[in-house]
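Report on the structure given below.
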Amino acid sequence: MVKRITLGTAVAQPGTIQYGEWDAITHPTGHDDYLPVIIAQGREDGPCIWLTAGIHGEEHTGPTVLYRLITQELVDQLCGTIVALPALSPAGLRTKEYVPYYLLKNPNRMWPDGKPPKPQDPDEDAPSSVERAFVRLFAQIVETADFMIDYHNAWIDSLSFVFRDRVLYRTDEDAEKNRVAAEILAVKQEQMMMAYGHTIVTEYPAKYYIKQDLHRSTTGAALLVGGIPSFTVELGTGLMPDPAMVAASVAGTRNVLRWAGMLGGAMEPITGIQVVDPGFRTRRSSGPRVEEACVALHLVESGDIVRKGDPVAELMDVWGRPLPSSPLRSDHDGFVIAREHGIYFYPGDTVVYLSIRDEDPVVAPYPDDYYKD
């Protein structure tokens, strides 16, 4: 029997695409923000995958992928259910801003963190309206989702790639059981990403992953708190979707559906984009950075393989005279994810975004003090 899934006013109906609204935030001016909901359900039973996008208002490629993916033709071949939310931040999308105008914080760091509830400290900020909404939405994700993909944009001129979240586990109770479960979850995550078929970039090592609240991202929370195999898609560009990246992402998502047993047919080739595999696992890096104010002219492009010591940018003053520190060199083996916009940089600025050799485990324990707060 096909699962009956309801989200807000949208109710799944076998063999159809249903549309509705999920009430998210009430504003003090008397109006509400709802999240548009799309539920596509096949006539045969199968897994449920959640596909989300639009949590940052200047990232429009993810919603485009969902609009291109979900068609009646797909539903006619589908086993199971797709729950799609193309606009996780309606206010941000309205204003084309990274954050909503009523809360100037990254909404993709506001999902549940897995810690037990505690009394509100009157001297600390209370949970925001976005956090409260995401707590309610997350409960429905955990109740229904077998898999999850969240779609974003990275930088102009960046590769189309995916972020692999670290899989963290508790050691303060049932440590060995938790480690084994985390290993199994990491294998499923790896299989999902391989089916998607784009370049894979692992997130920061565990302590930096927590420090930057990446465990409270959409897929970080789904993975670590919900135990749901998940990954984040980064589609390059920004307000103007790249048609080649859209097509490649739609094909990759259909391949994930095939991997999950939700769609038949052979895996589709990923074409029109560059897929980079340096032969070793890599992770996100925030360097190399410049040490002085300068003009930097890039010597590499997105997708280029680099080795430790390779030049990545010429450095000069505003008159075009070479600086003694030129050229800027890579400190690591890896590849170029993207070039930072422009040519004028201040000390400490990143000039090139690299994915560097990853020597830290994908599966790791939470920091010792994480559950002791």
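Scan the stretch 164-183 for residues that are of a type in the set (Val, Ile, Thr) and at pLDDT 95 or above and jot them down. Scanning the stretch 164-183 gives Val167, Val180. In the stretch 1-38, the residue that is nearest to Val142 (Cα to Cα) out of those that are without any contact (Cβ under 8 Å) to a residue 24 or more places away in the chain and in a loop (DSSP other than H, G, I, E, B) is Arg4.
The set of residues from the stretch 329-355 being of a type in the set (A, V, I, L, M, F, W, C) and either in a strand (DSSP E or B) or in contact with a helix residue (DSSP H, G or I) (Cβ under 7 Å, 6 or more places away or on another chain) (or both) comprises Phe335, Val336, Ile337, Ala338, Phe345, Val352, Leu354. Val351 meets all of the listed conditions (1) open to solvent by 30 Å² or more (accessible area, probe 1.4 Å); (2) over 30 Å from Ile184 (Cα atoms); (3) touching a residue at least 24 places away in the same chain (Cβ under 8 Å) but one, namely (1). Checking each residue of the stretch 185-207 against the condition of being among the small types (Gly, Ala, Ser) and in contact with a Pro (Cβ under 6 Å, 6 or more places away or on another chain) gives no match.
Collect the residues in the stretch 283-316 that are aliphatic (A, V, I, L, M) and either touching a helix residue (DSSP H, G or I) at 6+ places or on another chain (Cβ under 7 Å) or in contact (Cβ under 8 Å) with a residue 60 or more places away in the chain (or both), keeping them in residue-number order. Walk me through it before giving the result.
From the stretch 283-316, those aliphatic (A, V, I, L, M) are 290, 293, 295-297, 299-300, 305-306, 312-313, 315-316; that's our starting set.
Within the stretch 283-316, just Val290 meets the criteria.
Condition first: modelled with pLDDT of 95 or more, over 24 Å from the mean Cα position of the chain (by Cα) and either on the phi > 0 side of the Ramachandran plot or not in a loop (DSSP other than H, G, I, E, B) (or both). Can you find one or more residues in the stretch 269-284 that meet it? The answer is no; no qualifying residue exists. Residues in the stretch 226-249 that are touching a helix residue (DSSP H, G or I) at 6+ places or on another chain (Cβ under 9 Å), under 28 Å from Arg166 (Cβ atoms), crowded, with 20+ Cβ neighbours inside 10 Å and at pLDDT 95 or above: Gly226, Ile228, Pro229, Ser230, Phe231, Thr232, Val233, Leu235, Met245, Ser249. The number of residues in the stretch 103-120 being among the acidic types (Asp, Glu) and open to solvent by less than 30 Å² (accessible area, probe 1.4 Å) comes to 0.
The values are calculated or read from the model by the stated rules, or taken from the named source; none is laboratory data. Only a predicted model underlies this, so the values are computations on that prediction, with no experimental measurement involved. Neighbour counts run over all protein chains shown; Cβ positions are idealised from the backbone, glycine included. Ligands, DNA and RNA are excluded from the accessible area calculation, which covers all protein heavy atoms including side chains. Shrake-Rupley method; radii C 1.70, N 1.55, O 1.52, S 1.80 Å.
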